[in-house]
Amino acid sequence: MTIGQAPETIARQIADVQAVLQRQLGEQLRAIHLYGSAVEGGLQPGSDIDLMVTVAAPLPPAVRNGLLQALLAHSAWPGSSTALRALEVTVVALPALRPWRYPPRRELQFGEWLRADLQAGRFEPPVADHDLAILLTKLRQHSLALLGPPAQDLFDPVPAADFRRALADTVAQWNAPPDWQGEERNILLALARIWFSACTGGIATKDGAAAWAAERLPAQHRARMEAAALAYRSGQDGAQAWRPEQVAATILFCKHSIVRELARAPEPTA
């Protein structure tokens, strides 16, 4: 097994979370990978700690629910704590990923947006999740193994067709203002990353993708993408300065650009 070290600023929180995972999952635990801003691009004021946790087999409901509740004490809404960052923890079972099939299945996901449901005893069962195709591709490109083998050795490559399908399934969620209300900044940055991935097959940081997309956007949309990136770096929401119709226009412009790109046949690989 290879064990990497988390960045010093989050090492204590990571160690505490790792202890929770080992206690709750026991011998089922196979790997823990840190990814996202902590290992690529740098943690911003509002950045989550992103963890992918791999187990040997599907988990009983009592174990899933117990883990979700245990994680509540080790996570906090962005900006609400000086000691804790928000956690985003995804748990997958190896038999659900090997052999590969689309959409892949996740065992559970923990995030601050679920806190009220978890505190009320409402737990999501295992579900098919197209986003795993993107996350696993990201993990294989940039991640740190805190426990277990490197992601490149643990997970098979996601087929290019399924990666593009996951991009399409993701943008299909955003169609009208209720789909992005309160999340304007995050969705603009997500669209920038998806657009970059659709055009290049790679995965960029939020900042990198926003700069890439801004170069390709008309001026009126470019300003809002740049504002979203600035808000991300400063830890602010940023959307209060934008009129709803302007945000909608930029989101839909990006979405339609992605849909057009995904409709094209991908370039053949050598």
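Descriptive notes on the structure:
- Full extension of the chain between residue 83 and residue 22 yields a length gain of 19.8 nm, computed as 0.36 nm times the residue separation minus the alpha carbon distance.
- Cα-based radius of gyration of segment 162-263 once divided by 2.2 N^0.38 Å, which approximates compact folds: 0.97
- Summarising the label geometry, the points placed 7 Å from Cα in the beta-carbon direction at residue 176 and residue 127 lie 2.0 nm from one another.
- Tail weight of P(r) past 26 Å, computed on alpha-carbon pairs of segment 8-156, percent: 19
- Over all Cα atoms in the chain, the spread is summed up by Rg and Dmax: 18.5, 54 Å.
- Across the chain, Cα pairs under 8 Å and at least six residues apart give a relative contact order of 18 percent.
- Rounded FRET efficiency, nearest 0.05, which uses the C-beta distance separating residue 94 from residue 152 and R0 of 25 Å: 0.95
- Estimated FRET transfer efficiency (residue 119, residue 142; beta-carbon r; R0 22 Å; 0.05): 0.10
Read-outs throughout are calculated quantities, based only on the coordinates presented, and are distinct from any laboratory measurement. Just so you know, these numbers come straight off a predicted model, no measurement behind them. Positions of Cβ are generated from backbone atoms using ideal geometry, with glycine treated the same way; all protein chains shown enter the neighbour counts.
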